[in-house]
Amino acid sequence: MTGTSLLAVDGLTMRFGGLQAVDRVSFEVACGEIAALIGPNGAGKTTVFNCVTGFYRPTAGQIELTRDGRALAIERLAGHLIARAGIARTFQNIRLFPHMTALENLLIARHNALTGTSVIAGIAHAVSGLFGLPLTRRAEADATEIARLWLARVGLVDDADRPAGTLPYGAQRRLEIARAMCTEPVLLCVDEPAAGLNAGETRELAQLLRNIRDHYGASVLLIEHHMAMVMDLSDHVVVLDHGHVIADGSAEAVRHDPKVIRAYLGEEEGVALPQGSGLHGESA
Amino acid sequence: MDAIAVRPLLWIKEAALAAAVAFVLALPLAGFRLPDGVGSLTFRPQWVIVAVIAVALGRLALAMARDFGVARWIAAPAASGMEAVRSAFSPYRTWLIVGSIVFMVALPMLPFGTRRVLDLATLVLIYVMLGAGLNVVVGLAGLLDLGYVAFYAVGAYTYGILATQFGLSFWVCLPLAGLFAALAGIALGFPVLRLRGDYLAIVTLGFGEMVRIVLINWHSLTNGSNGIARIPTPGFFGMQFSGVSRLTFLYFIIFGMAMFTMMFAARIRVTALGRAWEALREDEIACRSLGLNPTTIKLSAFAVGATLAGFAGAFFAARQGFISPASFTFMESAIILAIVVLGGMGSQTGIVFAAAVLVLLPELFRDFTELRLLLFGAAMVLIMVSRPQGLVAHREPSLRLGKGKP
């Protein structure tokens, strides 16, 4: 499957009143890759993200998710159906369920798998749950098992019964990614996951994203300002500036692209961006 | 005590302001009286003066308490005290529950199980049921509903009309009352799907009033403000009760219904649906990003909460034998909401305590006649100042890792 197109964004345009936030943006995310969406602040990254994950309805353009050989028009689906189609996301400002435990947070992500998606199935599940029938118990046990697996993968098993809001910041970031992964997505969209993390936590996060790509069966679309991590991690980088795609290619190619350098650093041309954390400070 | 800022000028300013507001309110509310049979108002300035002085002194005391940090002396020990009580009793939880059930069952046989006590216990249990139902909507799903009494009314009128017009028995009408209330809940749910917080509260408030006004004006069906009289008492397999045995029988019915409600509410909280309600309360956007359909989850919360109110309403009609729109005013909604908030949002134990407090306090103060509501209000203020998060603020997770169900 690796290499075939998973998500195709074509001519995506988003206007808020008179403001053209995103203008005819096109790019693709292939199966089994980590794609990064970068650009200076206000470039329209989060807007693209919100269109892909169904939080905005684009003014124009198509977003197509190919799953099991079938193409789905994402821009026409209601928000919660996009998650069911296989796109999961995390938020720039973490949105956990703070008073519920870490385990309960993950179980919410298993809700549809548990109760089914039709109203009848939901009622049947609720009634059977009220009486604690074996079928529901088994389904709950399975869901808990998946949740436990993901808690182990992000190193939070010992904190399973703690309210999510009381976890340290870095743990909350990891928990949010685990929660998104519990919906068993084909595409995981992460919005600035390294924001506020220290160097060690950032390394762990990069490894987690790599594992998600290599072992857990999801491609990753990443918005990030931490350039070292982006350059190190991404198979493919899309650069946005003022709502336009100004570069699209491998990390290496994008780093040397004069247009990208101009967008980040201003007019001085011909200077290749340094390896590592070169852009980190300027972009923040 | 760190950094006490004692500001006597501010106290006086605040007290004066409160006194001014009290004067504006008290002049029309307490200052005039419409005696029976006399066509004119009598002015009684002494009541206005009393109110203004009481409010000014109260505000002064509150301001002083704040500056001297009295809240910390009360709130912290109260919180740790409740926590200590909770953890001291939690090993004996099962026994406490069994014990209180046995006590409640035995109540009519006990020497002090008089008519009045049974009547009060019945009333408390009705409010326990209503509190548990509203708790689903407000405490779990986080949807602030100020018109909950509407579903109570729908349940009551369902039984009232079906019993008097079609001669259906209570036991047939009970599920129907729940069903009609659930439909009303869904009918309310649809237009308010996009609303939250204050806006939701206002629309639900309006819905509650709408139902009451429909009940007044739909004369052919509801007999308007004259209400429905001679609603039959439930029988039991052909047995009919009257006098004290009727009271005892009604007490057992509501006891069974309240038990059912409590068990139902406890169970549904730990199912996937209950967890989804809580997740919706915490963060609707995150819910959507995880593929949960907020529409169905909200509607289910409204429907389940309304069903429980519908059951309680049918019982209310059966107990009173007479219902009219006057029983279903906003005041009722406010009391039920107060039970949920006072009990501690989401806590069932809290609801039982709060229902008992809110029903029994006015009874205890009955001898004070005119001051009754004032004392009631003061008691509530005192409870909320010392326990702002409600009587029982502990949240037990729906399940724990490794141990499965709690």
Please list, in order along region A:154-164, the HN-Hα scalar couplings obtained from phi with the Karplus expression 6.51 cos²θ - 1.76 cosθ + 1.60 (θ = phi - 60°), rounded to whole Hz, x for Gly and Pro.
9, x, 10, 4, 5, 9, 4, 9, 8, x, 4
Sequence order, region B:155-164: Karplus ³J(HN,Hα) from phi using 6.51 cos²θ - 1.76 cosθ + 1.60, θ = phi - 60°, Hz rounded, Gly and Pro as x, gives x, 5, 5, 4, 5, x, 6, 5, 6, 7
State, as an integer percentage, the relative contact order of chain A based on alpha-carbon contacts under 8 Å between residues 6 or more apart.
24 percent
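Which helices count as membrane-span-like in chain A under these terms: full DSSP H, at least 30 Å along the axis by C-alpha, Kyte-Doolittle mean of 1.0 or more? Can you show the working numbers first?
Working: long enough: none.
Long hydrophobic helices here: none detected.
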Chain B, relative contact order in percent, only Cα pairs under 8 angstrom and at least six apart counted
24 percent
Anchor residue A:259: aspartates and glutamates whose Cα lies under 15 Å away (excluding residues fewer than 8 positions away in-chain)
A:241, A:248, A:267, A:268, A:269
For region B:101-369, convex hull volume per residue from C-alpha positions, Å³
133 Å³
Using the Kirkwood radius built from alpha carbon pairs, what does the Stokes-Einstein equation give as D for region A:2-81 at 25 °C and 0.890 mPa s, in µm² per second?
188 µm²/s
The size of the Cβ-based charge dipole (Lys, Arg +1; Asp, Glu -1) of region B:8-68 about the Cα centre, to the nearest 20 debye, is 40 debye
Give the aspartates and glutamates reachable from residue B:298 as a straight Cα distance under 18 Å; neighbours fewer than 8 places away on the same chain don't count.
B:145, B:198, B:278, B:282, B:283, B:284
Take A:191, B:145 and order them by how many other Cβ atoms sit within 10 Å, fewest up front.
A:191, B:145
Computed curve, region B:8-68, Cα-only Debye sum without solvent term, log₁₀ I(q)/I(0) at 0.14, 0.22 Å⁻¹, is -0.46, -0.79
Among B:231, A:120, A:82, which comes first, second and so on when ranked by fewest other beta-carbon atoms within 10 Å?
A:120, B:231, A:82
What are the ³J(HN,Hα) values, in whole Hz, obtained from phi via the Karplus relation 6.51 cos²θ - 1.76 cosθ + 1.60 with θ = phi - 60°, for each residue of region A:237-247 in sequence order, with x given for Gly and Pro?
10, 10, 10, 10, 8, 6, x, 10, 7, 10, 7
Region A:137-236, dipole about Cα centre (Lys/Arg Cβ +1, Asp/Glu Cβ -1), debye to the nearest 20
180 debye
Given the options A:37, B:124, A:63, identify the residue whose Cα lies farthest towards the positive end of the charge dipole of the protein assembly as shown (+1 on Cβ of Lys, Arg; -1 on Cβ of Asp, Glu).
B:124
Per-selection Kirkwood Rh - region B:249-406 (Cα, Å, 1 d.p.)
18.1 Å
Full extension between residue B:198 and residue B:9 adds, at 0.36 nm per residue less the Cα distance, a length in nm of 64.6 nm
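Summarise the long-distance tail of P(r) for the protein assembly as shown by giving the % of C-alpha pairs beyond 35 Å.
Everything past 35 Å amounts to 55 percent.
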What is the Cα centroid distance between region B:103-155 and region B:14-73, reported in whole angstrom?
33 Å
Got a sec? How would B:255, B:43 order by Cβ neighbour count within 10 Å, fewest to most?
B:43, B:255
Taking placed amide H atoms and a strict 5 Å upper bound, the residues 5 or more places from residue A:22 or on another chain that come that close are A:14
Which Rg and Dmax, in Å, describe the Cα atoms of chain A?
19.8, 71
Scaled by the rule-of-thumb 2.2 N^0.38 Å, the alpha carbon Rg for region A:120-256 gives a ratio of 1.32
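Each reported figure results from applying straightforward, stated rules to the coordinates on display, with no laboratory input. Please read all numbers here as calculations on a predicted model, not as lab measurements. As a convention, Cβ positions derive from the backbone with ideal geometry for all residues, glycine included, and neighbour counts pool all protein chains shown.
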